[in-house]
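The structure under discussion appears below in the form of structure tokens.
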Amino acid sequence: MVQNLLKATVVTALVVALSQIFSFSIRLASGQPFTAFVFLMNSIMPVLTGFPISLYIFIQNAKLKKTTDELTEANRLLQIRADTDSMTGLLNRNAFLGTIKQLNKSSRLSALLVIDADNFKKINDIYGHQAGDKALTAIVDALRLPLRQCDIIGRIGGEEFAVFLPDTDINPALKIAEQLRCAVESIEFHPAEEQDYQLSISIGLAFSAGAHTTSQLMRMADQSLYQAKANGRNQIVINQESLTSNTKSLDSMDAA
């Protein structure tokens, strides 16, 4: 309110000054005297009319700006809620796929990790869904630790997650995947009092040099995930199709 009063005062003072200059110029040009009464009237009228009008306008503008800011913030929060998995705080499936779509096209070589919590149904069946939620939260916290700021992580299913590593070669991608696996394996999880439960994840890893669509990349990583689980879980399987095709693609790019 104080700021609006100051603005209205400044505007009124400018109006008074312009009114005095304009009146003085006209009277000087017509040979009429510029009396104290004229000066007083040129001062009073703008104050009586200009000050309340300008103050009202500034107040309304302030209210409008506040409302606009509140709507902008509300829309931002709604967008965050629409893109975020409510339990884990990660990107949901649609938001994750939408985010990595352009990165997949523009990155020289990137990696997609599809991650599944091993034997998760057993936790829910034996200890209940509250313990299952606790396990998911612990897994998410562990998955976040090895990731870089540029990496994208999302929850794409019940106990399934995905990590996109942009501009990442094969060896660094494998290193991060192994760090993720070890981070989950080292969790001290207690689904019930004085009971320990070993958590682990299986990871399917696929590579892209921009030659594969996001859907194709997901399909290849899923295939490798199924293989990892079939091989005994708690391991990483690389999709050889993606590795071979993208190695050829990179060789062609380097040759060009």
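The values are calculated or read from the model by the stated rules, or taken from the named source; none is laboratory data. The model shown is predicted, which means the values in this text are computed figures rather than measured ones. Counting neighbours? That spans all protein chains shown, and the Cβs are built from the backbone with ideal geometry, glycine included.
Using the structure shown, decide if Arg233 is closer than 27 Å to Ile126 by Cβ, in a helix (DSSP H, G or I) and modelled with pLDDT of 95 or more.
In short, no.
Go through (1) farther than 16 Å from Leu90 by Cβ; (2) touching a Leu at 6+ places or on another chain (Cβ under 6 Å) and name the single condition Asp151 misses.
All conditions are met except number (1).
Which of the residues belonging to the stretch 94-121 are under 14 Å from the mean Cα position of the chain (by Cα) and under 30 Å from Ala131 (Cα atoms)?
Scanning the stretch 94-121 gives Asn94, Ala95, Phe96, Leu97.
Step by step: first the residues of the stretch 190-220, then only those that are within 14 Å of Asn239 (Cα to Cα) and hydroxyl-bearing (Ser, Thr, Tyr), then the one that is nearest to the chain's Cα centre (by Cα). Which residue is that?
The selected residue is Ser208.
Output the residue which, of all residues in the stretch 198-227 that are closer than 21 Å to Ile139 by Cα and small (Gly, Ala, Ser), is surrounded by the fewest Cβ atoms within 10 Å (Cβ to Cβ).
Ser200
For residues that are surrounded by fewer than 13 Cβ atoms within 10 Å (Cβ to Cβ) and modelled with pLDDT of 95 or more, tally how many sit in the stretch 151-172.
Residues meeting the conditions: 0.
Among the residues of the stretch 88-119, write down those that are modelled with pLDDT of 90 or more and either assigned to a loop (DSSP other than H, G, I, E, B) or more than 22 Å from Asn239 (Cβ to Cβ) (or both).
Answer for the stretch 88-119, where residues must be modelled with pLDDT of 90 or more and either assigned to a loop (DSSP other than H, G, I, E, B) or more than 22 Å from Asn239 (Cβ to Cβ) (or both): Thr88, Gly89, Leu90, Leu91, Asn92, Asn94, Ala95, Gly98, Asp118, Asn119.
Got at least one residue in the stretch 139-148 being farther than 21 Å from Phe207 by Cα and among the β-branched types (Val, Ile, Thr)?
The answer is yes, given that some residue of the stretch 139-148 is farther than 21 Å from Phe207 by Cα and among the β-branched types (Val, Ile, Thr).
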